[in-house]
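Worksheet: one structure, shown below.
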Amino acid sequence: MPVEIETGNGNNHIATGNGNNNVLTGAGLSNGQIGTNFNFGTTGDFNGDGSSDVLWVNNSGQVAEWNMKDTSVIGGGLSNGSIGTDWSVAGSGDFNGDRRADVLWTNAAGQAATWLMNDQNVQQAAISGTIGTDWRVGGIGDINMDGRADIVWVSTTNNAVVIWFMNGTRSPSRPWCPPAVRSDSIGPFQAWATPRAIRSRILSGRVRMVRARCGT
């Protein structure tokens, strides 16, 4: 399966092709090949070398990871973890502060699970909590500046926003909500319902984080 990975502007763009297992990047043909039964999962620095790597998931829930350096695959392999076929990759972030990306999974029942990663291997895995079926991941990033990535959830019914401040695989016992974000309409906040933008508004004093029962 040819895959085009364009890098260089802070974003990673993945495009799949016609099924011959070659992998293309924005700068040319990669030295890596991926089986046609694998699908792109997410990117993240899973080995802590400062370069983004690629996570793949196949139709049986098997997971593989490529350590990347520019266009070349320099390491990685099959993970020691597998995931049920009812789970999907929702993104990646450093949830435990070890400077390596971890994986966030969600399922159709509204559960969220995290894998704490060391290269392609899972160091710890757990269901972090249940958000509900009408929520999607709006972004992953370190909002409270504690060195660990947090999760921004956005409601698909009323565009309310809930933030989980993460500590490893654990989410808070009670979610946190920016009061200005709890709204019945998409309003002006949807453009800033991302970790970086919310953090900026916290620092500027425009949004004050309070512990609250979300949606009330």
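The values are calculated or read from the model by the stated rules, or taken from the named source; none is laboratory data. Fair warning: this is a prediction, and the values are worked out from it, not measured in the lab. Don't worry about glycine lacking a Cβ; one is built from the backbone with ideal geometry, like all the others, and counts go over all protein chains shown. Surface accessibility is based on the protein's heavy atoms, side chains included, excluding ligands, DNA and RNA. Shrake-Rupley method; radii C 1.70, N 1.55, O 1.52, S 1.80 Å.
Extending 7 Å from the Cα toward the beta-carbon at both V137 and R170 defines two label points whose distance is 2.2 nm. On the basis of the beta-carbon distance and an R0 of 22 Å, D86 and Q62 show a calculated FRET efficiency of 0.90.
Packing order of peptides 122-129, 92-99, highest average first: 92-99, 122-129 (average count of other Cβ atoms within 10 Å over each peptide's residues). A 1.4 Å probe, protein heavy atoms only, puts the accessible area of M68 near 10 Å².
What is the gain in length, in nm to one decimal, between D70 and N144 on full extension, counting 0.36 nm per residue of separation less the C-alpha to C-alpha distance? Kindly include the intermediate steps, with their values, before the conclusion.
On the way: separation 74, 0.36 × 74 = 26.64 nm, distance 3.12 nm.
Full-extension gain reported as 23.5 nm.
Given 37 °C and 0.692 mPa s, compute D for segment 106-166 with the Stokes-Einstein relation, Rh being the Kirkwood radius over Cα pairs; round to the nearest whole µm²/s. For these conditions, the coefficient is 262 µm²/s.
At 0.36 nm per residue, and after removing the present C-alpha to C-alpha distance, how many nm does the segment from T157 to L78 gain when stretched out fully? Write out the running numbers ahead of the final one.
Details: separation 79, 0.36 × 79 = 28.44 nm, distance 3.78 nm.
Contour length minus Cα-Cα distance gives 24.7 nm.
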